[in-house]
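Since the structure comes first, as structure tokens, the remarks are kept for the end.
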Amino acid sequence: MKTAGHPIPVDAPDRTTEGPPTGDGRTREAVARLLMEQGPITAAAVAAALELSAPAVRRHLDALLADGEAEVRDAPRRGPRGRGRPARRYLLSDAGRARFGHGYDELAVAALHYVAEHGGELALRGFARSRVEKLLGAGAEQVAAAGTPHERAEALAGVLSSRGYAAQARAAGTGVQLCQHHCPVAHVAAEFPALCEAETEAFAELLGTHVQRLATIARGDAACTTHVPLDVPDARRKHDPTTTIPTGRQSE
């Protein structure tokens, strides 16, 4: 799996365990970004992706855990239970995600409360829709110009990544999963789901097909995941798109 965006350089001295490490800040940033884009992920996978030694990776993961910027989960077992502990997988916590763009959350929440109080639900939904349109901007034309739903999903992932959402489009059974590994407004969306709903509806319109939101960072999942089926007629719906939006946290 390729990570979205430009890779963060990792300093060579961290590839050994001899002598004091240098470039810790840059390396820890690279580890944190990998947890954001591919987490939950094992320490071994982090080491392989960044070409670091296992001790170096454990040191950075332990530091992120100690600072409350990472969380650890046991990997799900597949098949008969074997010996030993299950592999541990790491992902960023809300505090860890803050280093990649969380900001002004309290102000945004207060502003949306004001909009909802004085303008009602219709005004709130109007704001959410306007925000998505401005977020996509000219990128919406790039997505619409792509041929198939799969190509449009890949184009949409590219647009979202350029906006800081670390998005990927990957094959999943008879469809494509659009995964957004970062959401700068996750804390606000947790209180105002209309932001996620407007985003999902916009995706359906751009992709021209039914989409289903499987998980969201705002509800505590590791990524915002939208399923785009490819086994349905390819029709670009410019009105009344069909969407399915989650009502609670999804199991992993």
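See the values below:
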{"item": "Segment 62-75 residues that are farther than 14 Å from ALA44 by Cα, paired with ones that are β-branched (Val, Ile, Thr) and part of a strand (DSSP E or B) (beta carbon under 8 Å, 6 or more apart)", "result": "LEU65/VAL72"}
{"item": "Looking only at segment 182-215, and only at residues there that are open to solvent by less than 10 Å² (accessible area, probe 1.4 Å) and within 12 Å of the chain's Cα centre (by Cα), the one that is nearest to GLY39 (Cα to Cα)", "result": "HIS182"}
{"item": "Any hit, segment 145-160, residues being within 29 Å of GLU121 (Cα to Cα) and at pLDDT below 95", "result": "no"}
{"item": "Test: GLN142 is of a type in the set (S, T, N, Q), open to solvent by 10 Å² or more (accessible area, probe 1.4 Å) and either closer than 21 Å to LEU91 by Cα or modelled with pLDDT of 95 or more (or both)", "result": "no"}
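The values are calculated or read from the model by the stated rules, or taken from the named source; none is laboratory data. The model shown is predicted, which means the values in this text are computed figures rather than measured ones. Heads up, the Cβs are rebuilt from the backbone with ideal geometry, glycines too, and the neighbour counts pull from every protein chain shown. Heavy atoms of the whole protein, side chains included, go into the accessibility calculation; ligands, DNA and RNA do not. Shrake-Rupley method; radii C 1.70, N 1.55, O 1.52, S 1.80 Å.
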